[in-house]
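The values are calculated or read from the model by the stated rules, or taken from the named source; none is laboratory data. As the structure is a prediction and not an experimental result, all values here were calculated from the model. Note that each Cβ is placed from the backbone with ideal geometry, even for glycine, and that neighbours are counted across all protein chains shown. All accessible areas refer to the heavy atoms of the entire protein, side chains included, with ligands and DNA or RNA removed. Shrake-Rupley method; radii C 1.70, N 1.55, O 1.52, S 1.80 Å.
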Amino acid sequence: MINRYSNIGILKDSTGSRYYKTSYYPNIPLASNDIYVITTEGDRYDILAQQYYSDSSLWWVIVTANPQYPQGSLTPPFGVQIRIPGNIAEVIAQYNLINQQ
């Protein structure tokens, strides 16, 4: 199974404890190639990312593109329209730019 946190860096503190690095997410503007879907029972952001991007670790793209829904959940609300950004290469490039060290 693919780890949905695989793109997030892991750091160590002075005691050797490991923790995830803070990630910053870019604004994702509307694009003409965005896809809109109505959520169904059992949908999850990581599964949708796998379906549309062939990479479940890109779940954050779909969550970030839909700020009107709760951000602390892996599951979108049932029966609502969500946006699947079509400009994924640009979104990933922006993510990498703002998260480089």
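Annotations for the structure displayed:
- Value of [θ]222 nm, deg cm²/dmol, for the chain, DSSP H segments ≥ 4, -39500 (n - 2.57) each, nearest 500: -7000 deg cm²/dmol
- Relative contact order %, the stretch 23-100, counting alpha carbon pairs below 8 Å whose residues are six or more apart: 45 percent
- Surface composition of the chain: carbon plus sulfur atoms contribute 53% of the solvent-accessible area (1.4 Å probe, protein chains only, all chains present).
- Ile84 long-range amide H proximity, modeled H, under 5 Å: Ile35, Tyr36, Val37
- Taken per residue, the accessible surface of the stretch 50-101 reaches 53 Å², heavy atoms only and a 1.4 Å probe.
- Per-residue surface analysis assigns Arg83 an accessible area of about 20 Å², computed on protein heavy atoms at 1.4 Å probe radius.
- Scalar couplings 3J(HN,Hα) for the stretch 11-26, obtained by applying the Karplus form with A = 6.51, B = -1.76, C = 1.60 to θ = phi - 60°, are 10, 10, 8, 5, 8, x, 5, 8, 8, 6, 5, 5, 10, 10, 10, x Hz; x denotes Gly and Pro.
- Stokes-Einstein D for the chain, Kirkwood Rh over Cα pairs, 37 °C, 0.692 mPa s (µm²/s): 225 µm²/s
- If a spin label sat at a point 7 angstrom from the Cα of Ile47 along the line to its beta carbon, the backbone N atoms of the stretch 81-95 nearer than 19 Å would be those of 81-85.
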